[in-house]
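A short worksheet on the structure shown next.
The values are calculated or read from the model by the stated rules, or taken from the named source; none is laboratory data. Quick caveat: nothing in here was measured; it's all calculated off a predicted structure. Ideal geometry is used to build each Cβ from the backbone, glycine not excepted, and the neighbour counts take in all protein chains shown. For accessibility, only protein heavy atoms count, side chains too; no ligands or nucleic acids. Shrake-Rupley method; radii C 1.70, N 1.55, O 1.52, S 1.80 Å.
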Amino acid sequence: MTSNHVPAPRPAKQVVGYCDPWSVRGGDEVRLHSASHLPVQAHLDLVRLGSGHHRRFEEDVVPSDLPDLVDLDDRPYPAGSYATIDTRFDRLTGLGVHIWPTGPDGDLVAVGDAVVVRLVDGRPAVSIDGTVPAKAEVPIEPRRWYEVVMEVLPARLEVLVRPAPRAGEATQGTVDMAVDLDMAVDLQVDADLQVGMDVARPDSRHQGPGRTTGTWRLRFAGGGFDGKMARPWARGDGWVERWRMPDIALHQLPDPVVTGPAWDGTVLDPAEGPGHYDAVGFHHDDLYDAGWPVTATLRLGVDTPSGIYCFRLRSTLGDDRVPVFVAPGPGTQTADVAFLVPAATYLAYANHRMTISGSDFFPARARLRPEQQYLVDHPEVGLSQYEYHPDGTGVAFSSRLRPILNTRPGADGWGFTPDTDILAFLRRTLPAVDVLTDEILHREGAGALDPYRVLVTGSHPEYWSTAMLDGLEAWLAGGGRLVYLGGNGFYWRVAFSDRWPGAMEVRRAEDGTRAWTSSPGEAHHAFGGEYGGLWRRLGRPPNLLAGVGFAAQGFDRATSYRRAPASRDPRAAWIFDGVDGDVIGDFGVGGGAAGQEVDRFDTALGSPAHALVLASATDFSEQMLRTKEEFHATVIPARPDPLVRADIVFFETAAGGAVFSVGSIAWWGALVEASADGRDNQVARITANVVRRFADPAPFKMPG
Ligand SMILES: [Fe+2]
């Protein structure tokens, strides 16, 4: 007898959340925002996370004031950036805006929700109360400036879409470039428009046919629009109001500094020619703030032990663990060592799909983890700064005010979970370790580091704001001791803004190993105006700080280091106490401690001349390619490429501090072998020797 009974498939993960803020100190408040695509009741806990790796997973429930049960409902992702302005005219007689569309659809300008000029399949159209009484017969061209003008006549709406003059274009001003796509909407009676406008303005007050008093809510972009807009204006009561698009209310973080209709390449810094940068770049998938209601508020005691905690939601429709990084409350710091969570790098990689499609030592997944499946099922949760908007523009902004599914325990391969392994290792090795984030360093400056003798990085601290770097440098100059346990660190400049808390911006200017390139003329950050790009190109290469800087990347396999004679120099021999042989790290994720992204010592790039190169890895595969900023022509470098190298470097600083750098993301994958099989792990031994000596107050002395 057969049965047709099959177990019900596990429902896909429905429960997700985010918290605000995610970098806090004891004594602070954190708000959890969470939702479930299907209504469900979830158990809520606070847990303190040990290793987040699924094979070594550790978490402890911590007493808190959180409710035990929370009801979760479906909440939308309000993706799509747009701009609004409220203007007061007794009677609106006309309005306009310049547009530079990159996609075929979306709203251009709307008066309330009732009257919308939009693009439909590239053709301008007018929609009134949801119906489309007029549509142009031909589409407009993408990626050129047009002027949209709407005239509100007593019983008629006229919309004109005409090409704006294009700098440097030979045909500028000729007849074929001046084809007007004009549409007239004959309204039955004046009152029709009146009705439409009333929908837009519930506060309006009728003063007779065609005449009202109140605030006109004008909206630009939205409704699926991709592209740029500039120079909005409105006319009424015999006068015209004009605005700079970047200065009006922007929603869901469009790019507030992009080249406008006047940009002709003569100005490259928006601060030097704001008139060239009067446009805003919109995308229908921009998402700054999911805006979900608060599920629960966590009030941390001032003396809450520092660590990585998670809001843990458990339900029949899946679980979620939303990390929150807790630094010591004011005056409660006791540890000498702090682990610096690279939260900026987590933001850059937020919701990156790379571990789904396969990379980073892992083949494409046959079975996705629930978090990964969620990213596949819900692209509207937004992109990482490694991805593109559908129009091909690189994603320059990322926000933590939305679920970030790869900053979750259990996600493998890159970033957060490896860093929890490093933190767990440090906790096993040292009497006390505090957690700080680079976001706190950005906020508080070097003062955040002052209580600490030793700072240990994560596996990939790639993204640094000027304030972060300034703080780290000042602390090092004062005798701090830096243990850099990663690769490709201190690489990109990023920026933050008080106007958009929780968001981060990166401009990928000029050069670098990168997912995309900033558009011409758009190399300066909107947040603060700094020129963007690689710190190397900004005169502050990682080598100056860490002794090593980005050299190469490759993801097929890793390799081991070989000890150099300098490792037996009395200045550094203690680092190898208990380490036998010359081969270091011939095991780990990917098969070695040197891999993924690797850094090399190079005095030409600022590595200190007195630094000791203790060990080097050179035996990489053909896939390990020199970093792109060191390709000067399309010639494949001879193999082995002398620039492709991972170096372990140690040096002392004048103030009695020191720096130890491993120059490899894969160091983490060998480090954690120690807890996996218990064998004597040289990578763990070296790391422990370094952090213990660095925690010892005895000063280091520079040679000579
Ligand atoms: Fe990276």
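Out of everything in the range 246-269 that is at pLDDT 95 or above and of a type in the set (D, E, K, R), what residue ends up being farthest from GLU380 (Cα to Cα)?
Only one residue fits best here, namely ASP269.
Please work out which residue is nearest to VAL456 (Cα to Cα), limiting yourself to the range 625-669 and to residues that are in contact with a Phe, Trp or Tyr (Cβ under 6 Å, 6 or more places away or on another chain) and small (Gly, Ala, Ser).
Looking at residues that are in contact with a Phe, Trp or Tyr (Cβ under 6 Å, 6 or more places away or on another chain) and small (Gly, Ala, Ser), I get SER661.
Which of the residues that make up the range 58-74 are among the hydrophobic types (A, V, I, L, M, F, W, C) and either more than 19 Å from SER306 (Cα to Cα) or open to solvent by less than 80 Å² (accessible area, probe 1.4 Å) (or both)?
Narrowing the range 58-74 to residues among the hydrophobic types (A, V, I, L, M, F, W, C): 61-62, 66, 69-70, 72.
The answer is VAL62, LEU66, LEU69, VAL70, LEU72.
From (1) within 16 Å of the ligand (Cβ to nearest atom); (2) of a type outside the set (Phe, Trp, Tyr); (3) open to solvent by 80 Å² or more (accessible area, probe 1.4 Å), pick out the condition that doesn't hold for ILE636.
Result: ILE636 fails condition (1) only.
Looking at this structure, is THR618 among the hydroxyl-bearing types (Ser, Thr, Tyr), in contact with a helix residue (DSSP H, G or I) (Cβ under 9 Å, 6 or more places away or on another chain), open to solvent by 20 Å² or more (accessible area, probe 1.4 Å) and modelled with pLDDT of 95 or more?
Details: among the hydroxyl-bearing types (Ser, Thr, Tyr): yes; in contact with a helix residue (DSSP H, G or I) (Cβ under 9 Å, 6 or more places away or on another chain): no; open to solvent by 20 Å² or more (accessible area, probe 1.4 Å): yes; modelled with pLDDT of 95 or more: yes.
It is false that THR618 is among the hydroxyl-bearing types (Ser, Thr, Tyr), in contact with a helix residue (DSSP H, G or I) (Cβ under 9 Å, 6 or more places away or on another chain), open to solvent by 20 Å² or more (accessible area, probe 1.4 Å) and modelled with pLDDT of 95 or more.
Collect the residues in the range 533-542 that are under 17 Å from PRO461 (Cα atoms) and either under 18 Å from the mean Cα position of the chain (by Cα) or assigned to a loop (DSSP other than H, G, I, E, B) (or both), keeping them in residue-number order. It would help to see each step written out before you state the result.
Here is the first cut: in the range 533-542, the ones under 17 Å from PRO461 (Cα atoms) are 533-536, 540-542.
Of everything in the range 533-542, those that are under 17 Å from PRO461 (Cα atoms) and either under 18 Å from the mean Cα position of the chain (by Cα) or assigned to a loop (DSSP other than H, G, I, E, B) (or both) turn out to be GLY533, LEU534, TRP535, ARG540, PRO541.
Test SER81 against the stated conditions and say whether it is open to solvent by less than 50 Å² (accessible area, probe 1.4 Å), free of Cβ contacts under 8 Å to residues at least 60 places away in the same chain and of a type in the set (Ser, Thr, Tyr). Steps first, answer last, please.
Numbers: open to solvent by less than 50 Å² (accessible area, probe 1.4 Å): yes; free of Cβ contacts under 8 Å to residues at least 60 places away in the same chain: no; of a type in the set (Ser, Thr, Tyr): yes.
No, not satisfied.
For the range 414-429, name all the residues that are polar (S, T, N, Q) and open to solvent by 10 Å² or more (accessible area, probe 1.4 Å).
Selection gives THR429 alone.
Results for (1) within 16 Å of the ligand (Cβ to nearest atom); (2) open to solvent by 10 Å² or more (accessible area, probe 1.4 Å); (3) at positive phi; (4) not in a loop (DSSP other than H, G, I, E, B), shown as yes or no for each residue.
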residue	(1), (2), (3), (4)
THR266	no, yes, no, no
ILE308	no, no, no, yes
THR345	yes, no, no, yes
HIS352	yes, yes, no, no
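Please give the number of the condition ILE686 fails out of (1) open to solvent by 20 Å² or more (accessible area, probe 1.4 Å); (2) in contact with a helix residue (DSSP H, G or I) (Cβ under 8 Å, 6 or more places away or on another chain); (3) closer than 30 Å to MET354 by Cβ.
Among (1) open to solvent by 20 Å² or more (accessible area, probe 1.4 Å); (2) in contact with a helix residue (DSSP H, G or I) (Cβ under 8 Å, 6 or more places away or on another chain); (3) closer than 30 Å to MET354 by Cβ, ILE686 violates only (1).
Having 3 or more residues that are away from the ligand (no atom under 16 Å from the Cβ) and buried (at least 17 other Cβ atoms within 10 Å of the Cβ) is the bar; report the strands (runs of 3 or more DSSP E) wholly within the range 445-530 that clear it. Show your work before the answer.
Working: elements: 454-457, 463-465, 481-484, 492-494, 503-505.
The strands (runs of 3 or more DSSP E) meeting that bar are 454-457, 481-484.
Out of all the residues in the range 103-141, which are touching a Gly at 6+ places or on another chain (Cβ under 7 Å) and open to solvent by 40 Å² or more (accessible area, probe 1.4 Å)?
Answer for the range 103-141, where residues must be touching a Gly at 6+ places or on another chain (Cβ under 7 Å) and open to solvent by 40 Å² or more (accessible area, probe 1.4 Å): PRO104, ASP105, ARG118, ASP129, PRO139.
So ALA432 fits all but one of (1) surrounded by fewer than 23 Cβ atoms within 10 Å (Cβ to Cβ); (2) modelled with pLDDT of 95 or more; (3) within 16 Å of the ligand (Cβ to nearest atom); what number is the exception?
(3)
Could you identify the single residue in ALA658, ALA633 that is farther than 23 Å from GLY486 by Cβ and of a type in the set (Gly, Ala, Ser)? Steps first, answer last, please.
Details: ALA658 fails: farther than 23 Å from GLY486 by Cβ.
Exactly one residue qualifies, and that residue is ALA633.
Go through (1) at negative phi; (2) open to solvent by 10 Å² or more (accessible area, probe 1.4 Å); (3) at pLDDT 95 or above and name the single condition LEU441 misses.
Result: LEU441 passes all but (2).
Quick one: which of ALA594, ALA573, ALA609 is at pLDDT 95 or above, under 18 Å from ALA670 (Cα atoms) and either away from the ligand (no atom under 16 Å from the Cβ) or open to solvent by 20 Å² or more (accessible area, probe 1.4 Å) (or both)? Let's see the steps before the verdict.
Values: ALA573 fails: under 18 Å from ALA670 (Cα atoms); ALA609 fails: under 18 Å from ALA670 (Cα atoms).
Exactly one of ALA594, ALA573, ALA609 is at pLDDT 95 or above, under 18 Å from ALA670 (Cα atoms) and either away from the ligand (no atom under 16 Å from the Cβ) or open to solvent by 20 Å² or more (accessible area, probe 1.4 Å) (or both), namely ALA594.
Before we move on, is PHE555 within 16 Å of the ligand (Cβ to nearest atom) and touching a residue at least 40 places away in the same chain (Cβ under 8 Å)? Outline the logic, then answer.
On the way: within 16 Å of the ligand (Cβ to nearest atom): yes; touching a residue at least 40 places away in the same chain (Cβ under 8 Å): yes.
Answer is yes for this residue.
Could you name every one of the strands (runs of 3 or more DSSP E) located completely within the range 115-213 that has at least 2 residues being at pLDDT 80 or above and not aliphatic (A, V, I, L, M)? Can you show your working first?
On the way: elements: 115-120, 123-128, 131-135, 146-153, 156-163, 181-186.
Ranges flagged: 123-128, 131-135, 146-153, 156-163.
So if I check each of GLY595, GLY588, GLY578, GLY606, which one is of a type in the set (Gly, Ala, Ser) and in contact with a Ser or Thr (Cβ under 8 Å, 6 or more places away or on another chain)?
That would be GLY595, the only listed residue that is of a type in the set (Gly, Ala, Ser) and in contact with a Ser or Thr (Cβ under 8 Å, 6 or more places away or on another chain).
Which numbered condition in (1) away from the ligand (no atom under 16 Å from the Cβ); (2) among the charged types (D, E, K, R); (3) in contact with a Leu (Cβ under 7 Å, 6 or more places away or on another chain) is the only one that ASP602 fails?
Against the list (1) away from the ligand (no atom under 16 Å from the Cβ); (2) among the charged types (D, E, K, R); (3) in contact with a Leu (Cβ under 7 Å, 6 or more places away or on another chain), ASP602 comes up short only on (3).
If you check ARG600 against the conditions, is it basic (Lys, Arg) and either surrounded by fewer than 16 Cβ atoms within 10 Å (Cβ to Cβ) or farther than 30 Å from ARG692 by Cα (or both)?
Working: basic (Lys, Arg): yes; either surrounded by fewer than 16 Cβ atoms within 10 Å (Cβ to Cβ) or farther than 30 Å from ARG692 by Cα (or both): no.
It is false that ARG600 is basic (Lys, Arg) and either surrounded by fewer than 16 Cβ atoms within 10 Å (Cβ to Cβ) or farther than 30 Å from ARG692 by Cα (or both).
Identify all residues within the range 435-444 that are within 16 Å of the ligand (Cβ to nearest atom) and assigned to a strand (DSSP E or B); write none if there are none.
Pass one, the range 435-444, residues within 16 Å of the ligand (Cβ to nearest atom): 438.
Matches in the range 435-444: none.
Give me the pairs, please: first residue somewhere in the range 159-172 and of a type in the set (Ser, Thr, Tyr), second residue anywhere and modelled with pLDDT under 85, beta-carbon distance under 9 Å, and either six or more positions apart or on two chains.
THR171/MET177
Can you name the condition, by its number, that PHE490 falls short on among (1) in contact with a His (Cβ under 8 Å, 6 or more places away or on another chain); (2) within 30 Å of VAL644 (Cα to Cα)?
It is condition (1) that PHE490 fails.
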